[in-house]
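S.K.: What follows is a single structure, and I will ask about it in a moment.
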Amino acid sequence: MKKIISHLLLIMLVAAYSSCGHKNASFVINGVLDVSAMEGTPIYLCSIEQGDTIDSSMVQNGKFHFECNLEKPTMGRILTAAMQGRQQFFGTLVLESGTIYIDLVSDSLSGTPLNDIYYQSFTADALSNQLRSQMEQSIDLYYASDKEEDQAKALEIYNYADSTYKSVQQHISSQVYQSNSDNILGAYALTRVVEYDGITFDSLDNLMKSAPAIISGYAPLQRLYTQKLNLSNTSEGKHYVDIDGIDFATGKPAKLSDMIIEGQVTLVDFWASWCSPCRQEISENLIRLYNTYKDKGLNIIGVDVWDKPADHQAAVESLGVNYPQLLDSQQQAAEKYGLSFIPVIMLLDQQGTIISRTIRGDEIEAAVILALGLEKNK
């Protein structure tokens with residue numbers, strides 16, 4: 001299977017190799033990757049659950065081979081070190097006892113019970129394959145043209161196919177979980193359901209309390225559960241959660257609460273210097289709104305996340321940001337607010353209650369005017 005490399009950055013961040021004993025191997029992987037550009041290059045077997053590399057091999061004569069002994073079944077991913085253009089090859093599989101056959105070009109997977117289910121459910125689904133093909137074609141079209149209208153059309157096709165693909169995969173994942181709620185494939189499938197927002201937090205919370213350990217203890221699902229819990233705790237109607245950091249203006253330790261002015265409406269902008277949509281919101285909306293409404297009861301605080309202080313300083317100077325900034329030096333913002341993307345622009349009322357945490361563009365000023373009790377143009 002080929003995917004755009006940006007989809008795999010987190011998988012590639014493996015810190016160390018785990019030992020993989022070949023003696024009395026509990027599973028064997030016989031793989032095919034008949035692509036000339038991959039010949040003689042490394043290929044890795046990674047653990048999706050632990051995020052580390054289990055073993056490495058080489059592509060030789062269009063084939064690769066792994067023999068490993070793991071204590072219990074887990075979800076794995078095979079991926080190439082080399083790329084073909086903007087793409088690299090990878091495949092997902094269940095690491096369970098037996099001999100597993102996988103072809104990274106045709107996407108075929110077989111040999112053990114759970115891998116047969118995975119292939120029939122996820123990989124062989126005709127609609128999913130059609131949508132994946134549309135996404136890959138639209139990306140090729142985007143890079144093949146330098147005309148804005150062509151690129152806009154390509155993005156429109158991609159976004160529609162991507163949205164439809166996620167909906168289809170969410171449905172498939174739900175079905176797989178229902179019939180595999182006592183094994184590792186079920187844990188993987190439920191994680192996909194949560195990733196695609198196919199279950200409410202309350203339903204997930206109840207399920208996690210009653211699910212067997214192989215489900216509730218699955219690390220990727222636990223991480224998503226924590227994220228969803230923190231998102232629920234900072235949803236509309238809840239009081240804001242405090243964050244420790246550094247006051248950009250003074251360089252001294254500070255809290256978000258130190259910058260919130262009692263009795264004022266507050267916009268909290270979670271952003272980073274490298275985020276183009278973040279910079280756009282600042283330059284087109286937030287600075288103007290601060291200048292217009294700061295004497296009418298509006299306070300704005302920028303919370304810099306996933307960034308470097310020097311890059312943040314350069315961005316503040318180039319954009320002309322003139323409202324307080326809190327550097328997320330303790331890396332608390334993403335966890336406490338369940339952030340999975342930025343910008344996230346959150347509006348607090350005078351008592352610190354979250355009014356909204358999803359406003360963008362023109363919605364920001366409309367929400368601010370309403371919170372301040374003002375009529376526009378007055």
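The values are calculated or read from the model by the stated rules, or taken from the named source; none is laboratory data. None of the values given here were measured: they were computed from a predicted structure. Neighbour counts are summed over all protein chains in view; Cβ atoms, including those assigned to glycine, are modelled from backbone coordinates with ideal geometry. Ligands, DNA and RNA are excluded from the accessible area calculation, which covers all protein heavy atoms including side chains. Shrake-Rupley method; radii C 1.70, N 1.55, O 1.52, S 1.80 Å.
S.K.: Every residue in region 208-265 that is among the hydroxyl-bearing types (Ser, Thr, Tyr) and out of contact with any Asp or Glu (no Cβ under 6 Å at 6 or more places or on another chain), please.
M.R.: Once the filter is applied, which keeps residues that are among the hydroxyl-bearing types (Ser, Thr, Tyr) and out of contact with any Asp or Glu (no Cβ under 6 Å at 6 or more places or on another chain), region 208-265 yields Ser210, Ser216, Tyr218, Tyr225, Thr226, Ser232, Thr234, Ser235, Tyr240, Thr250.
S.K.: Here's another thing I want to ask about it. Mind checking which pairs have a first residue in region 264-278 that is surrounded by fewer than 23 Cβ atoms within 10 Å (Cβ to Cβ) and a second that is basic (Lys, Arg), Cβ under 8 Å, 6 or more apart or different chains?
M.R.: So the pair list comes out as Ser273/Arg279; Ser273/Lys308.
S.K.: Still on this structure, I have one more. Scan region 80-89 residue by residue and report those that are open to solvent by 20 Å² or more (accessible area, probe 1.4 Å) and out of contact with any Pro (no Cβ under 8 Å at 6 or more places or on another chain).
M.R.: Those that are open to solvent by 20 Å² or more (accessible area, probe 1.4 Å) and out of contact with any Pro (no Cβ under 8 Å at 6 or more places or on another chain): Met83, Gln84, Gly85, Arg86, Gln87.
S.K.: Cβ-Cβ distance below 8 Å, separation of 6 or more or different chains: which pairs start in region 280-297 with a residue that is aliphatic (A, V, I, L, M) and end on one that is open to solvent by 60 Å² or more (accessible area, probe 1.4 Å) and not in a helix (DSSP H, G or I)?
M.R.: Taking only residues 6 or more apart or on different chains, the pairs are Ile287/Asn322.
S.K.: Given the options Gln137, Gln170, name the one that is open to solvent by 30 Å² or more (accessible area, probe 1.4 Å), in a helix (DSSP H, G or I) and without any contact (Cβ under 8 Å) to a residue 24 or more places away in the chain.
M.R.: The unique qualifying residue is Gln137.
S.K.: Out of (1) over 19 Å from Ile172 (Cα atoms); (2) assigned to a loop (DSSP other than H, G, I, E, B); (3) within 25 Å of the chain's Cα centre (by Cα), what's the single condition that is false for Asp107?
M.R.: Only one criterion in (1) over 19 Å from Ile172 (Cα atoms); (2) assigned to a loop (DSSP other than H, G, I, E, B); (3) within 25 Å of the chain's Cα centre (by Cα) is unmet by Asp107, namely (1).
S.K.: Filter region 233-261 for residues that are open to solvent by 60 Å² or more (accessible area, probe 1.4 Å) and of a type in the set (Val, Ile, Thr); which is nearest to Asp328 (Cα to Cα)?
M.R.: Ranking the candidates gives Thr250 first.
S.K.: So which residues in region 266-321 are among the acidic types (Asp, Glu) and farther than 15 Å from Ile342 by Cβ?
M.R.: Glu284, Asp295, Glu317
S.K.: Can you tell me which residue in region 325-371 is most open to solvent (accessible area, probe 1.4 Å), limited to those that are of a type in the set (Ser, Thr, Tyr) and within 25 Å of the chain's Cα centre (by Cα)?
M.R.: Once the filter is applied, the top-ranked residue is Thr358.
S.K.: Condition (residue is assigned to a strand (DSSP E or B), hydrophobic (A, V, I, L, M, F, W, C) and at pLDDT 95 or above) applied to region 353-370: is it met by at least one residue?
M.R.: Among the residues of region 353-370, at least one is assigned to a strand (DSSP E or B), hydrophobic (A, V, I, L, M, F, W, C) and at pLDDT 95 or above, which makes the answer yes.
S.K.: If you don't mind, another one. Of everything in region 201-232, what is open to solvent by 40 Å² or more (accessible area, probe 1.4 Å), in contact (Cβ under 8 Å) with a residue 40 or more places away in the chain and not basic (Lys, Arg)? Give them in sequence order.
M.R.: Across region 201-232, the qualifying residues are Thr226, Gln227, Leu229, Leu231.
S.K.: Something else now. Run down Leu190, Leu231, Leu267 and say which single residue is in contact with a Leu (Cβ under 7 Å, 6 or more places away or on another chain) and within 30 Å of Asn285 (Cα to Cα).
M.R.: Leu267
S.K.: In addition: Given Val176, Val105, Val94, which one is surrounded by fewer than 16 Cβ atoms within 10 Å (Cβ to Cβ), among the β-branched types (Val, Ile, Thr) and at negative phi?
M.R.: Val105
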